[in-house]
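Asker: This is the structure I want to talk about, given as structure tokens.
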Amino acid sequence: MTLLEVRKLSVSFNASADAARAVDEVSFSIAAGEKFALVGESGSGKSVTALSLLRLVQARSSGEVLFAGEDLVAASERRLRGIRGKDIAMIFQEPMTALNPLMRIGEQITEVLSLHEGLAFAAARERAIALLARTGITEAERRFGSFPHELSGGQRQRAMIAMALACRPKLLIADEPTTALDVTIRVQIMALLEELQREYGMAILLITHDLNLVRRFADRVGVMQSGRLVEMAATEQLFSQPQHAYTQRLLDSRPRKMVQPLSADALAAPELLRGDKVRVEFTYPLGWFRKKVFTAVDGVSLALKRGETLGIVGESGSGKSTLAMALLALQPLAGGETVFDGQVLQDIPSRRLRTLRARMQVVFQDPFASLSPRLTIEEIVGEGLALHQPDMPRDERRRRIALALQEVGLEPEVGMRYPHEFSGGQRQRIAIARALILEPQLVVLDEPTSALDASVQRQVLELLAGLQTKHGMSYLLISHDLEVIAAMSHRIAVMQGGRIVEQGDAEELIAAPQQAYTRQLLASVFGAESD
């Protein structure tokens, strides 16, 4: 039985009839109780399609959206308000922005029950607490009175699921419901959705770019490109026999092993970077006279050879980024020491340490946030040269900037433009050029591809692997994405709670993990948990 049928849905954000369409004559259907996924890269029209089903975007729409036989495109706003949240509910990508920060979690759930079912507060409160408990939130009665900022990311997403399911909808639209979550929490949330879908008998429309998630979850998949639905098939058929070139490119964009094995000379060479029992603490005040000490990194020891990539993987809050900053002496230590090229960084005067840092560079997670919007690309890339080599002639500096841009696949002419004029992948290339212009020996890559689409992510990883082979740099790669870590690392260190629980050769660790936490991480990405 067909629950939702979309016929030639088109959406345009420009009043002109000739304007490009964000969604261009998209047609698909969802049966009652079915799990259907729309996949594609950023800008393909997935989220606009989902939001347009309930007319939640201010745009010009045409076509039909038939829900249980009723056309929602032609329905009145009053009728839509009766359907939204009751018959069709939605889980948004980022719960922190979707939830009202001024209302307690419980109030936001009871509001839905009050509006759609007319429940009195006592009955709505009882139902809301039961929903919070059902979605796996511990101490549900206490969390009923919490504000969104008092919950973790996983708890906020569970609270949003509880709100969406309050009126037992027939269709649940889940728009990138796990993008902001760690891999293990991601698996828990999707398992919860699958369990609730079976229990309530509802259909789910999943919007995502995560192909691993789609393969495990969906019954059928639709692939979107530039506002059009270019392919639709049963999940296994689409993954085993993709027909459209774009679908084939998407499936082929998953990271594969890219690093070259270390040479015998590199294996025998002295270590470039070493951390010995590194400990980092943060102190928080508790009232006037008391304080709390939080240990972010607890006695971590590791080493990195020249030309090697050490991947550090773990969930948010495990201490990965804090450890990296401590290894570069950008974060004070409470104990231990870091050694770079035979020199103990904690013993070097700050003025000389600043000079030494030209040999250590960082590429950050979000290139848009890490690039100054007020500087041109030429100024951004050449900033390191201006700081560390101020006497370099202007013509030579511009020549070096042009070479750095060409090395990351950009034309020198882009130097006169600003960061907002580039795509996410191009901005990350600019950030890499800025890091490489000083010819560093060590580059810290802090989640360098997490903000990028799959195909762009692969391009950036191939670029980094090629540059490492060419220049012999060492990479300290930080990520919660095990596929990226596996593709780029010679060795892997697994962090949990500020400690390294396991480390070793990348292929050996992935094939035969020794610790339960490592097996759990691997299972969340590569499938069934290892024995």
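Where a number appears in this text, it was derived from the coordinates with a stated rule and is not lab data. What you see is a predicted model, and the numbers here were worked out from it, not measured in a lab. Cβ coordinates were reconstructed from backbone atoms using ideal geometry, including for glycine residues, and neighbour counts include every protein chain displayed.
Asker: What is the gain in length, in nm to one decimal, between Ala130 and Gln346 on full extension, counting 0.36 nm per residue of separation less the C-alpha to C-alpha distance? Before the final figure, lay out each step's value.
Answerer: Numbers: separation 216, 0.36 × 216 = 77.76 nm, distance 5.34 nm.
Result: 72.4 nm gained on full extension.
Asker: To the nearest 0.05, how large is the calculated FRET efficiency for Glu439 and Glu462 if R₀ is 30 Å and r is the Cβ-Cβ distance?
Answerer: Values: r = 21 Å, r/R0 = 0.69.
According to the calculation, E is roughly 0.90.
Asker: Moving to a separate point now. Report, in cubic angstrom per residue, the convex hull volume of the C-alpha atoms of the range 20-165. Each step should come with its number before you reach the end.
Answerer: Values: hull volume 20.5 nm³, N = 146.
So the per-residue Cα hull volume is 140 Å³.
Asker: One-quarter of the Cα convex hull surface for the range 358-441, in nm²? Show your work: numbers first, answer last.
Answerer: Numbers: hull surface 20.2 nm².
For the range 358-441, averaging the hull's shadow over all directions gives 5.0 nm².
Asker: Mind ranking 60-67, 347-354 by how tightly packed they are, going by the mean number of other C-beta atoms within 10 angstrom, highest first? Walk me through the numbers before you get to the answer.
Answerer: On the way: 60-67: 16.8, 347-354: 10.5.
Order by mean packing, descending: 60-67, 347-354.
Asker: Using the reciprocal of the averaged 1/r over all distinct C-alpha pairs, how large is the Kirkwood radius of the range 73-138 in Å? Kindly include the intermediate steps, with their values, before the conclusion.
Answerer: Working: mean 1/r = 0.0752 Å⁻¹.
Roughly 13.3 Å, rounded to one decimal.
Asker: How compact and how long is the chain, expressed as Rg and Dmax of its alpha-carbon atoms in Å?
Answerer: 25.6, 76
Asker: Ok, one more. Using all alpha carbons of the range 151-246, what is the percent of pairwise distances in each 10 Å bin, ordered from the shortest bin to the longest?
Answerer: 14, 45, 31, 10, 0
Asker: Next up: Hey, can you grab everything whose amide H is under 5 Å from the amide H of Leu445? Only 5+ residues off in sequence or another chain; H modelled, so Pro and N-termini drop out.
Answerer: The list, which skips near neighbours in sequence, is Val363, Leu476, Leu477, Ile478.
Asker: Calculate the length of the line joining the C-alpha centroid of the range 389-460 to that of the range 122-161, in whole Å.
Answerer: That distance is 44 Å.
Asker: Need one number: % antiparallel among DSSP beta bridges in the range 159-256, to the nearest 5. List each step's numbers first, then the result.
Answerer: Working: 6 of 11 bridges.
The antiparallel proportion sits near 55 percent.
Asker: Further question: What ³J(HN,Hα) values, in whole Hz, does the Karplus curve 6.51 cos²θ - 1.76 cosθ + 1.60 give for the range 134-140 when θ = phi - 60°, with x put for Gly and Pro?
Answerer: Along the range 134-140, the couplings run 5, 8, x, 7, 6, 6, 4 Hz.
Asker: Rank Thr355, Gly307, Ser318 by how far each Cα sits towards the positive end of the charge dipole of the range 300-358 (+1 on Lys, Arg Cβ; -1 on Asp, Glu Cβ) and give me just the farthest.
Answerer: Thr355
Asker: Let me ask another. Return the long-range amide H neighbours of Lys305 (sequence gap of 5 or more, or a different chain), with a cut-off of under 5 Å between placed amide H atoms.
Answerer: When sequence neighbours closer than 5 places are left aside, the close amide H contacts are Leu272.
Asker: For Arg499 and Ser372, compute 0.36 nm times the residue count separating them, minus their Cα-Cα distance, and round to one decimal in nm. Let's see the in-between values first.
Answerer: On the way: separation 127, 0.36 × 127 = 45.72 nm, distance 3.39 nm.
Using 0.36 nm per residue and subtracting the Cα-Cα distance, I get 42.3 nm.
Asker: Between beta-carbons, use under 12 Å as the cut-off and find the net charge around Gln361, counting Lys and Arg +1, Asp and Glu -1.
Answerer: 0
Asker: Treating the beta-carbon of each Lys and Arg as +1 and of each Asp and Glu as -1, no other charges, what is the dipole magnitude of the range 236-381 about its Cα centre, to the nearest 20 debye?
Answerer: Details: 19 positive and 15 negative charges, 75 e Å.
Value, rounded to 20: 360 debye.
Asker: Related question: Check Gly45: other-chain or 5+ apart residues with amide H under 5 Å from its amide H, H built from backbone geometry?
Answerer: Residues meeting the amide H criterion: Gly227.
Asker: Just from its helices, what would the mean residue ellipticity at 222 nm be for the chain, if runs of 4 or more DSSP H residues each count -39500 (n - 2.57) and the sum is divided by every residue, rounded to the nearest 500 deg cm²/dmol?
Answerer: Details: 23 runs with 205 residues, N = 531.
Helix-only estimate at 222 nm: -11000 deg cm²/dmol.
Asker: So what's the convex hull volume per residue for the Cα atoms of the range 6-86, in Å³? Mind dumping the intermediate values first?
Answerer: Working: hull volume 8.4 nm³, N = 81.
Output value, Cα hull per residue: 104 Å³.
Asker: Residue by residue, what Karplus-based ³J(HN,Hα) values in Hz, rounded to whole numbers, does the range 154-166 have, using 6.51, -1.76 and 1.60 with θ = phi - 60° and x for Gly and Pro?
Answerer: x, 5, 5, 5, 5, 5, 5, 5, 4, 5, 5, 8, 3
Asker: Could you tell me which residue out of Leu102, Gln155, His116 lies farthest along the dipole of the range 81-219 toward its positive end? Charges go on the beta carbon: Lys and Arg +1, Asp and Glu -1, centred on the Cα centre.
Answerer: His116
Asker: Looking at the square roots a ≥ b ≥ c of the eigenvalues of the Cα gyration tensor of the range 413-479, which shape do they give, rounded for a/c under 1.5, prolate if a/b is larger than b/c, or oblate? The partial results should precede the final answer.
Answerer: On the way: a/c = 1.90, a/b = 1.26, b/c = 1.51.
It is oblate, given that a/c is not under 1.5 and a/b is not larger than b/c.
Asker: Quick one: dipole size for the chain, taken about the Cα centre, charges +1 on Lys/Arg Cβ and -1 on Asp/Glu Cβ, in debye to the nearest 20. If you can, show how the numbers build up before the last one.
Answerer: Details: 61 positive and 64 negative charges, 199 e Å.
For the chain, the charge dipole is close to 960 debye.
Asker: What are the extents of the Cα atoms of the range 261-358 along their three principal axes, in Å, largest first?
Answerer: Cα extents, longest axis first: 57, 35, 20 Å.
Asker: Find how much the distance from Ser152 to Asp276 grows on full extension, using 0.36 nm per residue of separation minus their present alpha carbon separation; answer in nm with one decimal. Walk me through the intermediate numbers first.
Answerer: Working: separation 124, 0.36 × 124 = 44.64 nm, distance 3.18 nm.
Stretched out fully, the Ser152 to Asp276 stretch lengthens by 41.5 nm.
Asker: Which value in nm describes the separation of the simple spin-label points at Glu141 and Ser76, placed 7 Å from the Cα toward the beta carbon?
Answerer: With each label point 7 Å from Cα toward Cβ, the separation is 4.4 nm.
Asker: Let me ask you something else. For q values of 0.13, 0.16, 0.17, 0.18 Å⁻¹, compute log₁₀ I(q)/I(0) with the Debye formula on a Cα-only model of the range 194-288, without solvent.
Answerer: With no solvent term, the Cα-only Debye profile gives -0.70, -0.78, -0.83, -0.89.
Asker: Assuming R0 = 30 Å, can you tell me the calculated FRET efficiency for the pair Ser114 and Tyr200, based on Cβ-Cβ distance, to the nearest 0.05?
Answerer: According to the calculation, E is roughly 0.90.
Asker: What whole-number volume per residue, in cubic angstrom, does the convex hull of the C-alpha atoms of the range 384-527 give? Working shown, then result.
Answerer: On the way: hull volume 19.3 nm³, N = 144.
Normalising the Cα hull of the range 384-527 by residue number yields 134 Å³.
Asker: Determine the alpha carbon to alpha carbon distance for each of Lys170/Lys320; Lys46/Lys470; Lys8/Lys170 and list only those over 30 Å. Could the numbers behind the result be given before it?
Answerer: On the way: Lys170/Lys320 42 Å; Lys46/Lys470 39 Å; Lys8/Lys170 23 Å.
Result: Lys170/Lys320; Lys46/Lys470 exceed 30 Å.
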